[in-house]
Amino acid sequence: MRLGEAFRELWRSGAGKGGLLLLLLLFAGALYVLATYPLDFGDRTWSNPNRWVDNPKAAAPIWMNRLNATPLPEHQILSIGEPTETKEARAGRIETYRIPFTYNFTEPPTFLAVTLADVTYKERPPLISLSLARPDGNEVRLLRHAVRGPREGETGPFHRYEEDPLRIQLSTDEATVTALQEFLAETFDRQIDERTLRGLVDRAAFGAPTEDDELTFTPLTGDYELVVQAAFRDADDKLGQLRFVIGGGVYGYMGTDSLGRDLAQGLLFGLPVALFIGLVVAVVETAIGVVLGITSGYLGGRTDLLIQRAADIVANVPVLPLLIFMLFVIGPSLFVILFVLIAFSWPGLTIQIRAMVLHTRTNALVEAIQSLGSSHSRVMFRHILPQIAPYVVSRLIFAAPSAILAEAGLSFLGLGDPSIPTWGQILEAGFRTGGVYVGYWWWIVPPGLLIVLTALTFMLLSLGLEPVVNPRLRRSR
């Protein structure tokens, strides 16, 4: 059957259509990741805690707000642009940045943080202050920071926070707690000691104390404004970047894990990794099994005995202890896992192919070809292989999801490559940190569904290919 006829036959069945569409979807996603993600995404981004420091921890997907009766606060990041006001002073100039935003949630933020980067000054270090204008008309100061002065022997211009931006967690910052304490005392006549207020910074900044309980705050919804002021001495002094983070209870399309990592990015990057593992293991394993099986069954004699005894030995090797030993000696690596999956998966196919070849080599067609003087390799791979091709194709397709499931299982046991995020590793991290018991379903269900979906894709393709490789099914249909 030609390729076009085989494709039309595959497309005729519902299973074939579903398998092809799912396979195209998976490959489209894999190509998108390869085109947009760096190859070292695991080391540079996924395993770098600084990359996710501003994300909320263990936050649900943002679309969950459509299902919740009380929407959780959404994550917001505010950055300065051009100054809205510049005022000349006797000692220099003062730049003011105003960033309006809206907060319409009945729950307080999960955390507040500010990051400073690329501060440059010529002589005197600038003073940076940050205040929050609230809907009730009051303004509370959250930060007052003096940039570090020159070191001994250092000459200007001075650059601060370039390689390592300064991040201040306002929710636990002592200066912020003190400023809020003064604000509550002056505005609401509430005296709250610093130790008690330290755990209420987010509620106090975005709320007003209730009359019944001074430690209970009612969130203020409405229009806010972040006011940033920078006092400079020289005309060339500048504030390169300031980022204000309002931690939310929901984030992204797939939520975050306990480290704040965006699970959507990890799940998406795991797609080409899963397909790579499945296809490489399936192709190499099938090729080894078919070559050894045909050689063993056709040549017989000592060659047959040698291949079959090797298959028996390899099939009885305990794979998991050997893999643990190799990973302990060599280190966790995806290529070690691929090697083990390939090296110990061919014996079963070899034995089955040998049994089929023993039956095929005695038919009249093969004997006639042998009598014409054809070489062993020509007989084996030009005349015997096409007769067992339907079984080989089905085993090839089923080997891909088996390899994906095997890698996911090994990663779930903690034997995966930590430098490459895979679906199994995401599942393992969710179980290890107790995500199942505290209800972080978005950490557990999506990777499991993606593994099942990938296996289902290859199963549907196998069902759709049955009429292609088996003429009897075509005639009966």
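The values are calculated or read from the model by the stated rules, or taken from the named source; none is laboratory data. These numbers come from a predicted model, not from an experiment. Virtual Cβ from ideal backbone geometry, glycine too; neighbours counted across all protein chains shown.
Data table
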quantity	calculated
Filter result (surrounded by 15 or more Cβ atoms within 10 Å (Cβ to Cβ), in a loop (DSSP other than H, G, I, E, B) and not aromatic (Phe, Trp, Tyr)) within the stretch 434-455	Gly435
Out of Arg141, Arg160, Arg151, sole residue that is closer than 21 Å to Glu225 by Cα and either surrounded by fewer than 20 Cβ atoms within 10 Å (Cβ to Cβ) or in the same structural domain as Arg233 (by TED's automatic domain parsing) (or both)	Arg141
Which listed residue, of Leu320, Leu279, is at pLDDT below 90 and surrounded by fewer than 18 Cβ atoms within 10 Å (Cβ to Cβ)	Leu320
Exclusive hit being surrounded by 21 or more Cβ atoms within 10 Å (Cβ to Cβ) and in a helix (DSSP H, G or I), set Ala287, Ala311	Ala311
Residue within the stretch 42-49 that is aromatic (Phe, Trp, Tyr) and under 30 Å from Ser394 (Cβ atoms) present	no
Selection from the stretch 223-242 of residues that are of a type in the set (Asp, Glu) and touching a Ser or Thr at 6+ places or on another chain (Cβ under 6 Å)	Asp223
Residue match in the stretch 332-348 (condition: surrounded by fewer than 21 Cβ atoms within 10 Å (Cβ to Cβ) and closer than 21 Å to Tyr298 by Cβ)	yes
Failed criterion for Asp312 (all others in (1) among the acidic types (Asp, Glu); (2) over 42 Å from the mean Cα position of the chain (by Cα); (3) modelled with pLDDT of 85 or more hold)	(2)
For Gly222: the one exception among (1) closer than 21 Å to Ser79 by Cβ; (2) of a type outside the set (A, V, I, L, M); (3) under 41 Å from the mean Cα position of the chain (by Cα)	(1)
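For every residue, the table says whether it meets (1) in a helix (DSSP H, G or I); (2) touching an Asp or Glu at 6+ places or on another chain (Cβ under 6 Å); (3) surrounded by fewer than 21 Cβ atoms within 10 Å (Cβ to Cβ); (4) modelled with pLDDT under 90.
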{"position": "Pro386", "(1), (2), (3), (4)": "yes, no, yes, yes"}
{"position": "Tyr391", "(1), (2), (3), (4)": "yes, no, yes, yes"}
{"position": "Ser394", "(1), (2), (3), (4)": "yes, no, yes, yes"}
{"position": "Phe398", "(1), (2), (3), (4)": "yes, no, yes, yes"}
{"position": "Glu407", "(1), (2), (3), (4)": "yes, no, no, yes"}
{"position": "Leu410", "(1), (2), (3), (4)": "yes, no, no, yes"}
{"position": "Pro418", "(1), (2), (3), (4)": "no, no, yes, yes"}
{"position": "Ile426", "(1), (2), (3), (4)": "yes, no, no, no"}
